Every structure is written in structure tokens, then in C-alpha cells.
Amino acid sequence: GLDNEPGARAYTIKHARRAEKLGYRCLAAQIEQVGERKTDWNDLHLRAQAAEDGDAQWQADLDQARHNGAVLMARTAVDKGLVIYQREQKTEFHIEFASRLFWFEFDAVRFDKMMREKNPDDEEGTLSDEAVAKIQRACASVQQIANCYPE
């Protein structure tokens, strides 16, 4: 596993793309870095052991790391925005992608309308994950705000 530093993130993407070309399905996990102190996988393990409900703590940390990895591995600004939207359910926010600043918008009203059109009986689970993802993509948009990412 690689740490969550700029060089390590670049190598994570590089190695995952290389493995994908060889036919492997790749996911990444990046630990959330909060504050000045660097957190690594051992820190997460120790935190889970010390927690009252260690399994739940470990699962929450792992879910966050997988989310961060999915954000890292996004191939486009729209993909990155959708990964963030799916977790946070915010319909508008800025994102950094490829050292550029973008504004992401998700049209929830359009999404609901398209879902009703595709699933008029409103039956749960009748649409495949791929169909829902396609509708989400159609309802998402990004606008480049700046061709750099202000620090």
C-alpha cells in the first residue's frame, strides 16, 4: 500500500492503470489525512483496536479510504463529482481535477424525472446499477472555473 502523499497518489494511479491494461480490476484506498499529523494504515488499525466498537470503527475508516480512493481514481471531472455526490448527496460543489478547478452540479429534479420515465411502476430494484449510473451521468455537469487550482 502507498501513503496519501502527492507522489504516492501519482504512483497509485500509474500502477492501477498499468494493472488495468493487463486485465485486472483495480480499486484504491487512500487514508483521510486530518490535521498536521500523518495517519497511516497502522494508525487506523490501532484506533479500531482501541475503540469500543472496533469492527464498526474499522469499517467506517475502510469505507472512507475506499471513497477517497474512488475519488483519486476518477478518470474525468464528472466521474469525480459523481463519486463525491453519491457519498455526500450535495448537488453543487467545486472540485479539483487535473490541477484545474471545476464546478460540479447534479440536477436532482431531472434525475427523479428520468428515473420515473425508466421505471414508471416505481418498483425498487428494477433498474440495473449500470442504468442508474447512466441516468446519474446524464444529470451531472461540470464547468471549468480556472485552468489552475488555487492553493
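Worth pointing out:
- Any hit, region 112-119, residues being loosely packed, with under 11 Cβ neighbours inside 10 Å, farther than 23 Å from residue 149 by Cβ and charged (D, E, K, R): yes
- First in region 6-22 and at pLDDT below 90, second anywhere and assigned to a loop (DSSP other than H, G, I, E, B), Cβ under 6 Å, 6 or more apart: 8/2
- All helices (runs of 4 or more DSSP H) inside region 47-151 with 1 or more residues being of a type in the set (D, E, K, R), assigned by TED's automatic domain parsing to the domain that holds residue 26 and more than 22 Å from residue 4 (Cα to Cα): 54-73
- Verdict on residue 40 being more than 22 Å from residue 3 (Cα to Cα) and out of contact with any helix residue (DSSP H, G or I) (no Cβ under 7 Å at 6 or more places or on another chain): no
- One residue from 19, 28, 8 being small (Gly, Ala, Ser), under 19 Å from the mean Cα position of the chain (by Cα), over 17 Å from residue 60 (Cβ atoms) and in a helix (DSSP H, G or I): 8
- Matching residues, region 63-111, being aliphatic (A, V, I, L, M) and in contact with a helix residue (DSSP H, G or I) (Cβ under 8 Å, 6 or more places away or on another chain): 65, 70, 71, 72, 73, 74, 78, 82, 83, 84, 95, 98
- When region 22-80 is limited to residues that are basic (Lys, Arg) and surrounded by fewer than 18 Cβ atoms within 10 Å (Cβ to Cβ), the one that is farthest from residue 93 (Cα to Cα) turns out to be 47.
- With respect to the conditions (1) more than 25 Å from residue 25 (Cβ to Cβ); (2) hydrophobic (A, V, I, L, M, F, W, C); (3) out of contact with any Leu (no Cβ under 6 Å at 6 or more places or on another chain), residue 78 falls short on a single one, namely (1).
The values are calculated or read from the model by the stated rules, or taken from the named source; none is laboratory data. Owing to the predicted nature of the structure, the values given are computational and were not obtained by experimental measurement. No Cβ is skipped: glycine too gets one built from the backbone with ideal geometry, and neighbour counts run over all protein chains shown.
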